[in-house]
Amino acid sequence: MDERQKLMEQIMAYDFCMIDLGLFLDTHPADANALNDFRTCYMESEKLRKQFEEKYGPINQRFLPNPRCWQWIDDPWPWAREA
Amino acid sequence: MWYYDKKLEYPINIKKCDPRMAKFIISQYGGPDGELAASLRYLSQRFHMPTKETRAILNDIGTEELAHLEMVGTMVHQLTKGVPADIMEKAGLGDFYTDHDNAVYPISASGVPFTAAYIQSKGDVIADLVEDLAAEQKARATYENLIRLADDPDVKDPLRFLREREVVHFQRFGEALRQVQELMGSKKYY
Ligand SMILES: [Fe+2]
């Protein structure tokens with residue numbers, strides 16, 4: 001697995017935890033432990049996303065684009081098999 | 001509304017083509033207990049949910065199901081990419097190949113195209129949440145069948161992840177149903 005994919009999978013892991021904790025919090029909105037875990041995952045994910053996007057381009061279109069090139073269309077898309 | 005994240009919910013990297021397995025897995029794309037049906041069901045039902053917790057859970061599980069639809073589509077794509085006509089036919093995908101080449105199309109394992117008749121949005125909160133509980137169990141059972149049909153660990157691993165998620169969704173819908181039942185409290189005639 002290359003560096004890019006390694007970093008991406010770390011982001012995916014934190015983002016998945018946020019999805020799971022988010023569902024739990026929907027039915028347990030006052031659970032302090034879950035809220036705290038969600039905060040931790042959010043902060044870790046944000047940090048890694050920033051690192052990733054600086055190096056490899058946008059994960060999401062909410063990203064300040066380079067004034068000369070629209071990197072969003074660059075490969076790989078998530079459904080592509082790893083090279 | 002939604003924004004797209006250029007990533008999957010869980011990693012998929014299938015190195016070996018296997019159109020036989022694609023023919024089965026495609027049922028979770030466009031079949032009766034598939035992810036498209038799940039997403040459409042919850043995202044339609046969320047409009048009439050009575051509490052903030054139930055509105056949120058339907059919205060957010062409906063959203064996660066879209067990410068699952070993408071995962072299942074990715075599996076089918078990676079299992080069939082570049083597979084020639086004769087191999088597709090030997091795997092039972094000759095009919096599919098005729099109409100769809102190596103494309104991904106929402107259809108069941110037995111070849112029935114997706115239909116909204118797979119889902120209900122009744123407007124009755126108890127009826128809808130009970131349907132959602134059953135839907136999660138049916139999806140879980142389908143994933144278990146698929147895991148038994150698969151041999152490649154690259155295929156089994158994401159299928160196991162998807163199976164797990166159905167168990168979690170069932171749990172959350174159960175909590176949502178109990179909340180609504182408690183709210184309706186005194187008039188428990190259902
Ligand atoms: Fe589900």
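Give me the residue from the stretch B:165-187 that is exposed (fewer than 15 other Cβ atoms within 10 Å of the Cβ) and of a type in the set (Gly, Ala, Ser) and, out of that set, nearest to the chain's Cα centre (by Cα). Looking at the filtered set, the residue picked out is B:Gly185. Pull up the stretch B:4-57, narrow it to residues that are among the charged types (D, E, K, R) and assigned to a helix (DSSP H, G or I), then point me to the one that is surrounded by the fewest Cβ atoms within 10 Å (Cβ to Cβ). Taking the candidates together, the pick is B:Lys52. Here B:Gly82 meets the list (1) small (Gly, Ala, Ser); (2) within 9 Å of chain A (Cβ to nearest Cβ); (3) away from the ligand (no atom under 16 Å from the Cβ) almost entirely, failing just condition (2).
Hey, any hits in the stretch A:21-41 for a residue that's under 30 Å from B:Val104 (Cα atoms), within 11 Å of chain B (Cβ to nearest Cβ) and either open to solvent by less than 40 Å² (accessible area, probe 1.4 Å) or assigned to a loop (DSSP other than H, G, I, E, B) (or both)? Taking every residue of the stretch A:21-41 in turn, at least one turns out to be under 30 Å from B:Val104 (Cα atoms), within 11 Å of chain B (Cβ to nearest Cβ) and either open to solvent by less than 40 Å² (accessible area, probe 1.4 Å) or assigned to a loop (DSSP other than H, G, I, E, B) (or both). Report whether or not B:Glu136 is open to solvent by less than 20 Å² (accessible area, probe 1.4 Å) and within 11 Å of the ligand (Cβ to nearest atom). Against the criterion (open to solvent by less than 20 Å² (accessible area, probe 1.4 Å) and within 11 Å of the ligand (Cβ to nearest atom)), B:Glu136 qualifies.
The values are calculated or read from the model by the stated rules, or taken from the named source; none is laboratory data. These numbers come from a predicted model, not from an experiment. Using ideal geometry, Cβ is built from the backbone for each residue, glycine included, and neighbour counts are taken over all protein chains shown. Protein only, heavy atoms only, side chains kept; ligands, DNA and RNA dropped before computing areas. Shrake-Rupley method; radii C 1.70, N 1.55, O 1.52, S 1.80 Å.
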